[in-house]
Structures are given as structure tokens and as C-alpha cells.
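One structure below.
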Amino acid sequence: MKKQKLVMVGNGMAGCRTLEELLKLAPDLYEITVFGAEPHPNYNRIMLSPVLAGETKFADIVLNDLAWYRDHGIALHAGKQVVKIDRKAQKVVAADGTEASYDRLLLATGSSPFILPVPGKDLPGVIAYRDIADTEAMIEAAKHHSHAVVIGAGLLGLEAANGLKIQGMDVTVVHLADWIMERQLDKTAADLLQKSLENKGLKFLLGKQTAELVAGESGRVAAIRFRDGSGIPADLVVMAVGIRPNTALAESAGIHCERGIVVDDTLQTYDPKIYAVGECVAHRGVAYGLVAPLFEQARVCANHLARMGIGRYTGSVTSTKLKVTGIDVFSAGDFMGGEGCEDIVLADPSAGVYKKLVIKNDTLAGAVLYGDTGDGAWYFQLLKDRQNIADIRDHLMFGGHHVGGVGDVGHSGHNKAAAMPDTAEVCGCNGVCKGDIVKAIKTHGLFTLDDVRKHTKASSSCGSCTGLVEQILASTVGGAYQPADTQDKPVCGCTDHAHGVVRAAIRDKKLLSIPAVMRELGWKTADGCATCRPALNYYLISTWPHEAEDDPQSRFINERAHANIQRDGTFSVVPRMWGGLTTPAELRVIADVAEKYEVPTVKMTGGARIDLLGIRKGDLPRVWEDLGRAGLVSGHAYGKSIRTVKTCVGAEHCRFGTQRSMDMGVKLEKMLFGMWAPHKVKLAVSGCPRNCAEAGIKDVGVIGVDSGYELYIAGNGGIKTEVAMFMCKVKNDSEVLEYSGAFLQLYREEGWYLERTCHYVARVGLDYVKAQVVDNAARRAELYERLLYALQGYEDPWAAAVKQPGEYVALEVA
Amino acid sequence: MNDWKKVCPLDEIPRLGSRQVNSASGTIAVFRTAEDEVFALRDKCPHKGGALSQGLVAGKVVTCPMHSWKIQFENGEAVAPDKGCAKVYPAKVEGGLVWIAL
Ligand code: SRM
Ligand SMILES: Cc1cc2nc3c(=O)[nH]c(=O)nc-3n(C[C@H](O)[C@H](O)[C@H](O)COP(=O)(O)OP(=O)(O)OC[C@H]3O[C@@H](n4cnc5c(N)ncnc54)[C@H](O)[C@@H]3O)c2cc1C
Ligand code: SF4
Ligand code: FES
């Protein structure tokens, strides 16, 4: 098939990101031509401020070098401005006469700085701040001149002022409003910010309206004069008073424009052959000026250009962060509050900390943070997810580590990414330091957590440093950082669908195998990947027990081999000890097995049972056979499944025991044998509130009291300790089984893969769980029944492996 | 010169799966794709030596079970941004049997 022609006008951040996404989806669909008015390949515009501040160089902020265009067969016309679109002939014409015809046209012309219409605006020495040429002009001016005036105290103006100060100029910031960054900050935060910028040597003139720029003898600008008659010397004037979407080209071709080029949710303009993305666009009446929303647009636009036709862009919530080294300001959403809103405020002026949270209808509507922005990413996530915060309102102000949840760093006190030295270790699992992460972000132009994970490995293992990595990302790229919308986040790169959508499709369309799901939902890869296949497999078997196919090849090796892989490729076997109980006969068999198969390490696990570590894969079936003869089944010490039920000695022996906890624990573990779940599930039963079995940090914790049992749920003792929450009190053993079974079934049906109970309950709310499991007897009975049905007839996989040892044994060739 | 060795009947390797093969040249992982193509790599991840034969197979790539590097069957290279290479052995299916060349 002959390739279609795609022409892109505007070689900036939004346009090139669209091409990158498109090339991933449909590398061979188009012959691509790009026109860019700037004589450069695509660079990272947001890093102009660090270039101006002398922290990095232009060469380091190029995002797509010339080789990238060449390697993808893209014809690049750098330095050529398109002046005409001929929609009838389907071609564009550049100022120098170069023409290109198109089947699809992509407009990504960005925006232009707004220039105040005052006398003297065209004088030499008066510039805007938009591109590398402006940045270089400022660096050059600083070498020969001394008085800089920046008009406009928004994000750009302040970054320009800071850079010029570092370049050695005397800098005054002139601003019309009564406080700086009035579109991002309330007055209190702005005043604090102004003070710290003044400490860096910047001067401010607020409430001043520029009347005129006055030329000196050389013809260059020499002074600025205000409406009130006053004035100050200025031999460099930087206008940073706002931007205007570049719509002139589109308008001249008769394409409908309002504030920007009007597009629908698929980024299509009124001409179906023409798409538009970036700052030049008006989507649902909004023109964005930060890269994060533009990248979302790019992803959707690419999908439609690739003719996959899924995905809609529905608008973005944005957040702001100032990129001035040593100063932390963050704002997001509706931070001024007003009608129907409540504010929670923390102000500690002498420590330089101010935080304001705006709450509306039990959700976070906006946030302003000054001085300590460590929780910015966490607040932003709550805001974007529109999560109900009623339950956590009391501690909301104290940040994620007090509440738990996404964006949490796990180790409180560490949440000041900006203040960390470059040598500080951020990711303990992979040994990645802060400096490595910052460098990767800058040199590879990374914008998302996933990108950072791929390039540095930080946060890609246990995930406890995720919050910290997000903070480093946010403080390095400013407002360009956009945490993924967890509610809508695709399962992985193989699909645009989120977990919730996939679960619903499997249920509603009764899909029974992984290929069926992939076909139904238009998976982009033939076999999926190591991220989505295990998730799909779980969703299938949990939604359609005894009907859906369980695919061993879509399970992680531990679940496929029914044992834990070790770093040297051997395996460990953990015989199940129901409720932590064992017998001399069992211990004897374990000892025999350890000797017979030369098990190098025998250890008590943290789950109160014995681990045999270092068994060769080929020996596994025979080990299980020996153990099985003594009635021992193996423990799922590895799977997204029931793990252990820890117990204390309880009323059976203990002088304080109120309930028979060992007996209760064994009953629970036997009931749940063979249960797969979104993540691992651990329980504990203690015989009295002294709680020797540590029930307070389990997915389900049971504590015996004189009148029955208290049930706690959603605890976690792992990466980040979460104390379990009280769900209800029950009277007897059978109620313990029913209520905990119903809760676990709810989690099994609604949890997203790799979400532990603590994360699931944080997402849906404790009240919701109680409404389903405690208050609604019919619903509870249904859930419990479905759990028992799913678990019925579970075949012992170790016995099966003993009968069919085939795949455990290595093949031999001579 | 390459010396073709018989490994096993094709159906002893699961689709989207693999088997470990001991040979005079060390342990080799033999993979079978969804399309019944076979590939062989040295069973040692270029990262920290994880057993690739125990990984999850998708397309012509295996994800190492240790730290999730993705290794490509055709050239043994890790998928970017990771860098490293596992030795590739020629492999084929002939007459329902899997062969590798050492
Ligand atoms: C064997 C054991 C350590 C020991 O020697 O004591 C162990 C070993 C591993 N744990 Fe654990 N955990 C063990 C008890 C625990 C406990 C304590 C407990 O169960 O009471 C915890 C904290 C309690 C909890 O989970 O809430 C624990 C929290 C973790 C976590 C963090 C989970 C979290 O949600 O935060 C991981 C990582 C994961 O699952 O993603 C993990 C992962 C692992 C893995 C499976 C790592 C891996 O993916 O390979 C380790 C396997 C080692 C191996 O090769 O055998 N292990 N792990 C313990 C087995 C208990 C058992 O008999 O089943
Ligand atoms: C100094 C500075 C700091 C910033 N800091 C941040 C930050 O911290 N966080 C954040 O999120 N955002 C920041 N931004 C904003 C961010 O850079 C922009 O939102 C983003 O670059 C817009 O992308 P775009 O592709 O729409 O436009 P651009 O990147 O501006 O690209 C448009 C390109 O099209 C070209 N063009 C226009 N018309 C034509 C034509 N007719 N023919 C050919 N070419 C044409 C232009 O020359 C330009 O190169 C910053 C911007 C600046 C200037
Ligand atoms: S056993 Fe658990 S804590 Fe110990 S090294 Fe392994 S994962 Fe980490
Ligand atoms: S050993 Fe394979 S990814 Fe680390």
C-alpha cells in the first residue's frame, strides 16, 4: 500500500511527542514531513530556564536530534515557516516557497509571547522569553548591560528574573497585580515567595502599569516609565505577560478558531483532514500552557492518526511548580476557594512554611504549598482522582505518609527531595542516587514516572521510593510533571484500557481466555507482556472460576513452578503449617527431605513456618512427593494468593486467652486454601487484645475478646506499614469465616491486580466495604457463597507436579 | 561450524514457554513462540545472570524473572534503555523436532 502523507507544522514539544507516539503505534503508515520555524530540531522548552541560569547547556536539552528524524524517515524543514495552507489542494507553503502536500495535516504551532502595546516595544533590548534565541539574547545582554527589568511576575517572568540575576544583572520585576504569581498562588504564599526571591537579590515593583519604554542615546532601550509617572533604568526588558495561541495560519485557511484552534475530543479541527495539538489548541474552551496536558493530547491524537480510533481527550487538571533552585512552591486546582469551599491552612512563617488545602464536597479542590512541597504529588493525585477524603480529612494536612496511599515515600522525614544531595540514595533496591535520576531526566528529556523507571530503574522494584522519585521529577521538570490518573491509567503499554474497564468487559461479555480479552478490547500487541498477562489471567479466573482457562504461561515463574525462585536460579519450598502448627512427624519428614536433597539453608520464615531454601528445580517434584507422603502440602509463599494465617496460642493454652485462636486460624487457612487474589493475602488470629499474632498489620486481623471476635481489615506490614482498620465485631467462629470470607471475595472481585487490601480499601473507602459486608446481610451471603464456590475442588498443584514432572526437569543434549 | 543437535519434540515446550537444556556449552534456554517458532539463548541474563528460561514469553521477547529486563530472541539484546546481550544459538523446528546448533 502506498504510504499516506502526513505534514506537521510546528516542530515543538507537543507536535514531536505526537509523532513519537504515532511511530510507536503505526511506524509505516505515513511519509512524514515537518516544518519548524526555528532552525533547530525539537528541544525541551521548559529547560530554557536552567539554560539561562547556567545549570545546563542547549545541547543537553535537545529531545529529538537530527539523527532521530533521519532514522524515522522524516523530512525536516528546520528554519522554514509555513505561511499558507491550501485546503483544496491539500498542501502547505512555506515562506521560502517550499511546498508539501498532505493527506493529513497536523498543526502544532504553539503560542507566542504577548507583547504589551506600549510605545518603545520594538526597541533593541526589548525581548520576550519563548525560545532558545531569546535565551541566548538574554545571556549575551547580561555580558554587556547591567539593568534588567522583567515585566510580569508569573512563572516565566520569575524564572527569567532568577536566571538574569544569576547571570550577574541587577533585576527588577514589575507586576501589575498586587501579588506575584496571582494566577497560581494566594497572597500569603506569594508574599513568602517574594521574600525569598528578594533574599536572592531580586527587586519587585507591584501594582505598576507600564506606560512606555524609553530609548537611550544608542537607540537601545534605557528606561521604563510607569503610568504613575515614576520610572527606573532598564537596558534589557523582558516581557513575560502571557502567551497567545498561534492561530493566524489556521485562521487564514478558514479553520474555526476561538481562543485557539478549536478541536474536538479526538484533536480533530473543523476540517477532518486537519488535526491540531499543543498550546495552539482550544479544547472545550481551554488553551493549555503547560506540557503535561499537551502530552495527553499527543497520545490521543496519535491514536487517531494511526487509525486506531480509541481514546478521547477530555481535558486536564494542571499543577504548577516554579523551577527556581532552592525555592519550593506548588499549586494545583482551585486554590482560592470561595463559595461552597472550606480551607484548611497551616502557616509557620518563621519556618518559611505555608500550606493551604481547599476542600469542596469532601474532595480536594485545590492546594497551595510553600516551603515544603513534599506532598505536592500526593495532593495532586487526590485532586485528579477526585478521591473522597472524608475519612482522611483529619490528617490530610500532614501529608501522604500519615495517611498512606499513592505517592507516599514510605519513610517519612525523607520527603524533601529538593534538599537531598545528589549522592543520596533514592532507590535502595537498585542503588540509584538522586544525581543519577536528575541527570537522566535532563539528558533524556523524561517526563513521566514510567520513563524514569525505564531509564534509571529507580522505583521499579519494591516501589517504596515512588513518592520520592515523583518529587524529584516534579522539582526537575516543574509543572510538566503530571502523575498518571490512577483511575484511568492503562494496564500497560499494550492497551489504552484501565483495569476497571478490563474487569468489566470480562464480566459483562463473559470472556473466558486471554486471547478473547485481547481481541475484544483491541490489544496492541499480539501476546501482551509480562505486566498485562498475569493481570488478565487473574481477572479471568477470579471472575469465571471453573470456567475460564488458567494459563500457566501467563503466570510469574513462582506461580508457574509453585515454588520461589532464588537469585541463583534454585527454588525454595515452604511446607504449609496450618495456623503455624506442626507435629513431630511433620518435622521429621522436613528434616529428612532437607538431608536427602542437600538443602543448604533451613530457616524459620517471618510467616511462622519452615523454609527450605536452595532446591534444584529438577528435584522439586520429588521433594513434594516426599513431603506429600507425610500429608504436607506446600505453602504458597510466593503467589498472589493466600499466604499464612498466623496465630497465637490463645485460649487453648494461654492464661489470658479468651478465644481458641489456633483453632480459628486453622479453620480460616483451610477455608482459604488455594485462593488467588489481586495480591497476596495474610491473616492473623490473636486470642486476646494483647495481640501476640500481630493481627493489626494483616489483610484480615482477628482478635478474640470475651464476647466474640473483633475483625480488622486492610493492614499491611510490608513496604509501608499500615495499621488495619476495625470493620466489625462478630459473635462466633462461623461469623468470622463468613465476614472475612465476604470481605476477601469483595476484594477479589473489585481489586486491581497488584493492589493489596490496604490500597483497595483506600480507593473505595472503608464505609463502602462496611456497607457491602457488614450492613447488607444478603450481599454478604452472596459474596461468601461465591468465594466458597471458587475455592471448591482446588487441586493440589504439588501433587499434580509429582505426577507430571516433565517441565521441571532440564533437557539434555550431547 | 554449527553442529545441529536434537533437543526434544516441539510439544514438550509449551507455547509462549520454554525449557532449560543442559549442554556441553552450558545451560541454554529454548523458547517457543505463539507462532511455533523456536529460539535459543544462553540461559543467563546479561543483567545479573537470571535464568531466562524461567521468564515470561511474549512476542519474541522474554522478561527475566529477576528484575524484568526484556531480552529479544533474534539478537539476544536487551530492550532499550537496558544494555546487554545474551548469546544466541541458532534453533529450528524440523520434522516436529526442535534442533539447536552449538
Ligand atoms: C520467606 C520470607 C522471608 C523470611 O525468610 O522470613 C519472605 C520472602 C520474600 N518476600 Fe516477604 N517474605 C516473608 C514474609 C513477609 C512478611 C511477614 C509476614 O508474612 O508476616 C512481610 C510483611 C507483612 C505483609 O506482607 O504485610 C513480607 C513483605 C513482603 C513484601 C511487601 C508487601 C507489601 O505489600 O508491602 C514483598 C514484595 C511484594 O510482595 O511485592 C515481599 C516479597 C518477598 C519475596 C517473595 C521477594 C520475591 O519476590 O522474590 C521473598 C522471597 C524470598 C525467597 O526467594 O524465598 N515480602 N514478607 C517470608 C515468608 C513468609 C511465609 O512463610 O510465607
Ligand atoms: C522558558 C519556559 C519555561 C517553561 N517552563 C515550563 C514548565 O516548567 N512546565 C511546563 O509544563 N511548561 C513550561 N513551559 C511551557 C512549555 O514549554 C510549552 O507548554 C510547550 O513547549 C508547548 O508546546 P507546543 O508544541 O504547543 O509549542 P512549542 O513548543 O512552542 O512549539 C511550537 C513550534 O512551532 C513553531 N511554529 C509556529 N508557527 C509555525 C509555522 N507557521 N511554521 C512552522 N513552524 C511554526 C514555533 O517556532 C515552535 O518551534 C515553559 C515555557 C518556556 C518558554
Ligand atoms: S526476604 Fe524480603 S526483606 Fe529479605 S531481601 Fe527478600 S524481599 Fe527483601
Ligand atoms: S538478572 Fe535478569 S533482569 Fe536482573
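The values are calculated or read from the model by the stated rules, or taken from the named source; none is laboratory data. All figures in this text were calculated on a predicted structure; none of them were measured in a lab. Here the Cβ positions follow ideal geometry from the backbone for every residue, glycine too, while neighbour counts run over all protein chains shown. Calculation scope for accessible area: heavy atoms of the full protein, side chains included, ligands and nucleic acids excluded. Shrake-Rupley method; radii C 1.70, N 1.55, O 1.52, S 1.80 Å.
In this structure, does A:Ala535 turn out to be part of a loop (DSSP other than H, G, I, E, B) and either within 29 Å of A:Ile697 (Cα to Cα) or of a type outside the set (S, T, N, Q) (or both)?
No: the conditions fail for A:Ala535.
With respect to A:Pro27, determine if the residue is more than 31 Å from the chain's Cα centre (by Cα) and surrounded by fewer than 16 Cβ atoms within 10 Å (Cβ to Cβ).
no
Can you pull out the residues in region A:457-472 that are more than 9 Å from chain B (Cβ to nearest Cβ) and not small (Gly, Ala, Ser)?
A:Cys462, A:Cys465, A:Thr466, A:Leu468, A:Val469, A:Glu470, A:Gln471, A:Ile472
Could you please give the count of residues in region B:37-79 that are within 16 Å of ligand 1 (Cβ to nearest atom) and under 14 Å from A:Gln553 (Cα atoms)?
Qualifying residue count, region B:37-79: 6.
Checking A:Leu668 against (1) out of contact with any Leu (no Cβ under 8 Å at 6 or more places or on another chain); (2) touching a residue at least 12 places away in the same chain (Cβ under 8 Å): exactly one of these is not met. Which one?
Exception for A:Leu668: condition (1).
Restricting to strands (runs of 3 or more DSSP E) lying wholly in region B:1-99: which have 2 or more residues that are β-branched (Val, Ile, Thr) and more than 7 Å from every other protein chain (Cβ to nearest Cβ)?
B:26-32, B:61-63
Within region A:683-705, which residues are in a strand (DSSP E or B) and either surrounded by 24 or more Cβ atoms within 10 Å (Cβ to Cβ) or within 16 Å of ligand 2 (Cβ to nearest atom) (or both)?
A:Leu683, A:Ala684, A:Val685, A:Ser686, A:Val700, A:Gly701, A:Val702, A:Ile703, A:Gly704
Please verify whether region A:782-794 includes one or more residues that are out of contact with any strand residue (DSSP E or B) (no Cβ under 9 Å at 6 or more places or on another chain) and at pLDDT below 90.
Checked against the condition, which is being out of contact with any strand residue (DSSP E or B) (no Cβ under 9 Å at 6 or more places or on another chain) and at pLDDT below 90, region A:782-794 yields at least one hit.
Considering only region A:486-514, state which residues are open to solvent by 30 Å² or more (accessible area, probe 1.4 Å) and within 14 Å of chain B (Cβ to nearest Cβ).
A:Gly493
Can you list residue pairs whose Cβ atoms sit under 7 Å apart, with the first residue in region A:134-156 being in contact (Cβ under 8 Å) with a residue 24 or more places away in the chain and the second being of a type in the set (Val, Ile, Thr) and surrounded by fewer than 18 Cβ atoms within 10 Å (Cβ to Cβ)? Count only pairs 6 or more apart in sequence or on different chains.
Correct list of pairs: A:Val149/A:Ile232.
A:Ile565 versus (1) buried (at least 18 other Cβ atoms within 10 Å of the Cβ); (2) more than 14 Å from chain B (Cβ to nearest Cβ); (3) of a type outside the set (Phe, Trp, Tyr): which is the lone unmet condition?
Just one mismatch for A:Ile565, condition (2).
Quick one: in region A:515-544, which of the residues that are open to solvent by less than 20 Å² (accessible area, probe 1.4 Å) and more than 30 Å from A:Ala298 (Cβ to Cβ) is nearest to the other protein chains (Cβ to nearest Cβ)?
Among them, the one singled out is A:Asn537.
Do we have B:Lys60 as within 16 Å of ligand 4 (Cβ to nearest atom) and open to solvent by 40 Å² or more (accessible area, probe 1.4 Å) here?
No.
Could you run through region A:607-662 and say how many residues are within 14 Å of another protein chain (Cβ to nearest Cβ) and either assigned to a helix (DSSP H, G or I) or away from ligand 1 (no atom under 13 Å from the Cβ) (or both)?
Final tally of qualifying residues: 5.
For region A:346-389, give me each residue that is among the aliphatic types (A, V, I, L, M) and free of Cβ contacts under 8 Å to residues at least 40 places away in the same chain.
A:Ala351, A:Val353, A:Val358, A:Ile359, A:Leu364, A:Ala365, A:Ala367, A:Leu382, A:Ile389
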